[in-house]
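Trainee: Dumping the structure here so I can ask a few things about it.
The values are calculated or read from the model by the stated rules, or taken from the named source; none is laboratory data. The structure displayed is predicted, hence computed values, not measured ones. As a convention, Cβ positions derive from the backbone with ideal geometry for all residues, glycine included, and neighbour counts pool all protein chains shown.
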Amino acid sequence: MTEWSKTFNGPPSFDNQALPSRVERAQQDKKEYYQNLQSLNIEELYHDIEDVMLDSQKCWPADGPQNGDKASYAGLFIRTAWHCAGTFRSIDGNIAGGCEGGRQRFWPENEWHDNSNLDKGRAILAKIKDKYGDKISWGDLMTFAGNVAIRASGGPIDSFCFGRVDDHNGFDSIPLQVEGINGCLPEQDCKTDVCDATFRWPEQDPKDHPNCNSTQVNFRFQASHGIGLIYVHADGPQLRHTEPEVNPSWVHQRSPRLSALEIRDTFLRMGWTDRETVALIAGGHSLGRAHGGCDLRGSAYDEPVVKPFNGQGPFFEAELDSGRGPTSLCGSGELAGLGPNTVTSGFEGA
């Protein structure tokens, strides 16, 4: 694995203001928000989020009920919080990403395919934001909602630090990666990033997808192993058929060992220990359900999609303003393009 570039100097500025003015505005925003926080009723906020979490909406049904549980947005709120905070990277004392700024709402983060359908999570939380207004930032609301979801579901949460000040745009996320450019301003001359520097494991099938190196050309650094991802490819590396690890009885030849090494590499970029990584992945994914079982291919397994799902952010809709996934291909009635008929992880179930 390559190391982070030691020449990272922070994101490019697209702000027309002089740097001192931008710094002054950020300081003023912080001062005002910290004052507003003093009047926040945290206990009331907690119960309001819990109520919303258990109130399934037809526009985006909550997970469940299953196995005696209530329908709940706990998994969605945790995913929203994690994908906001999980962008954090530390490079030789320089930091980027994280939920400070609440930039998941903006381009480019809201167009990463790994953030597919998180606009629905933010939309459900918008009722809370409207009630409390400037007393809570979007950065604090998203992360606190994830913590409420864990605690209300019986998890070990006993404290939370408020104080994330919202940014006015998503420009500070640009150095992490750019996938879609629907939210880019014409004068910015934006383009989707590519990984010019990639690697495969020696044991990996040469036809399998490569991973992005952390350091790219022109000293751009890559936040994950693929453009538009928060951390790693979910499927893991495919082994060469000649490798001794290959087990003919497996449905696929994805290597758990290499997957573990990839996870460690990426989470080290975030500053996590192995123990914290296991807690995040195993614990976080124990709530809610994975969605994305909609088969976008034709009636035969190898046929192309007749009307493909566009897969583009920020709303990831099959039809503009529908709020739904591939309605022409998956599901019918009220659940067409929703719940189990969406396109996110590619898996369906607990």
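Trainee: Does the stretch 52-64 contain any residue that is surrounded by 11 or more Cβ atoms within 10 Å (Cβ to Cβ), at pLDDT below 85 and out of contact with any Asp or Glu (no Cβ under 9 Å at 6 or more places or on another chain)?
Mentor: Within the stretch 52-64, one or more residues are surrounded by 11 or more Cβ atoms within 10 Å (Cβ to Cβ), at pLDDT below 85 and out of contact with any Asp or Glu (no Cβ under 9 Å at 6 or more places or on another chain).
Trainee: Moving to a separate point now. Hand me the list of helices (runs of 4 or more DSSP H) wholly inside the stretch 16-131 holding 2 or more residues that are over 19 Å from the mean Cα position of the chain (by Cα) and in the same structural domain as MET142 (by TED's automatic domain parsing).
Mentor: Helices (runs of 4 or more DSSP H) meeting the threshold: 19-37, 42-53.
Trainee: Output the number of the condition that GLY101 fails; it satisfies all remaining conditions of (1) of a type in the set (Gly, Ala, Ser); (2) at pLDDT below 95; (3) over 29 Å from GLY154 (Cβ atoms).
Mentor: (2)
Trainee: Same structure, new question: If I filter the stretch 188-229 down to residues being crowded, with 19+ Cβ neighbours inside 10 Å and in contact with a His (Cβ under 7 Å, 6 or more places away or on another chain), which single residue comes out as nearest to GLY271 (Cα to Cα)?
Mentor: Here the residue is HIS225.
Trainee: Still on this structure, please answer the following. Can you name the residue in the stretch 16-43 that is touching a Lys or Arg at 6+ places or on another chain (Cβ under 8 Å) and exposed (fewer than 13 other Cβ atoms within 10 Å of the Cβ) and is also modelled with the lowest pLDDT among such residues?
Mentor: Out of the qualifying residues, it is GLN17.
Trainee: Now, a different point. Return the total of residues in the stretch 319-347 being of a type in the set (Asp, Glu) and farther than 18 Å from SER56 by Cβ. Spell out how you get there, then give the answer.
Mentor: In the first step, residues of the stretch 319-347 are kept if they are of a type in the set (Asp, Glu); the result is 319, 321, 334.
From what's left, farther than 18 Å from SER56 by Cβ: 319, 321.
Count: 2.
Trainee: Considering only the stretch 320-333, I want to know if a residue exists there that is under 19 Å from the mean Cα position of the chain (by Cα), more than 21 Å from TRP107 (Cβ to Cβ) and hydrophobic (A, V, I, L, M, F, W, C).
Mentor: no
Trainee: Here is a list: GLY98, GLY139. Which entry is at positive phi, in contact (Cβ under 8 Å) with a residue 12 or more places away in the chain and surrounded by 20 or more Cβ atoms within 10 Å (Cβ to Cβ)?
Mentor: Answer to the selection: GLY98.
Trainee: Moving on to the next point. More than 18 Å from GLY97 (Cα to Cα), over 22 Å from the mean Cα position of the chain (by Cα) and either among the polar types (S, T, N, Q) or not assigned by TED's automatic domain parsing to the domain that holds THR344 (or both): is that true of HIS285 in this structure?
Mentor: Judged against the criteria, HIS285 is not a match.
Trainee: Listed residues VAL251, VAL246, VAL232; which is surrounded by fewer than 13 Cβ atoms within 10 Å (Cβ to Cβ), assigned to a loop (DSSP other than H, G, I, E, B) and among the aliphatic types (A, V, I, L, M)?
Mentor: One residue alone meets the criteria, VAL251.
Trainee: For the stretch 246-257, enumerate the residues that are within 16 Å of PRO206 (Cα to Cα) and not basic (Lys, Arg). So that I can check it myself, show each step before the final result.
Mentor: As a first pass, look at the stretch 246-257 and keep what is within 16 Å of PRO206 (Cα to Cα): 246, 252-255.
Selection gives VAL246, HIS252, GLN253, SER255.
Trainee: Identify all residues within the stretch 262-272 that are farther than 17 Å from GLY98 by Cα and either without any contact (Cβ under 8 Å) to a residue 60 or more places away in the chain or surrounded by fewer than 15 Cβ atoms within 10 Å (Cβ to Cβ) (or both); write none if there are none.
Mentor: GLU262, ILE263, ARG264
Trainee: Scan ASN169, ASN218 and give me the residue that is more than 23 Å from the chain's Cα centre (by Cα) and under 22 Å from ARG89 (Cβ atoms). Quick ask: steps written out before the conclusion?
Mentor: Values: ASN169 fails: more than 23 Å from the chain's Cα centre (by Cα).
The match here is ASN218.
Trainee: Shifting gears a bit: Just need a number here: residues in the stretch 331-350 that are in contact with a helix residue (DSSP H, G or I) (Cβ under 7 Å, 6 or more places away or on another chain), crowded, with 18+ Cβ neighbours inside 10 Å and more than 20 Å from ASP114 (Cβ to Cβ).
Mentor: 1
Trainee: Report the residue count in the stretch 142-164 for those that are closer than 18 Å to LYS129 by Cβ and surrounded by fewer than 19 Cβ atoms within 10 Å (Cβ to Cβ).
Mentor: So the answer is 3.
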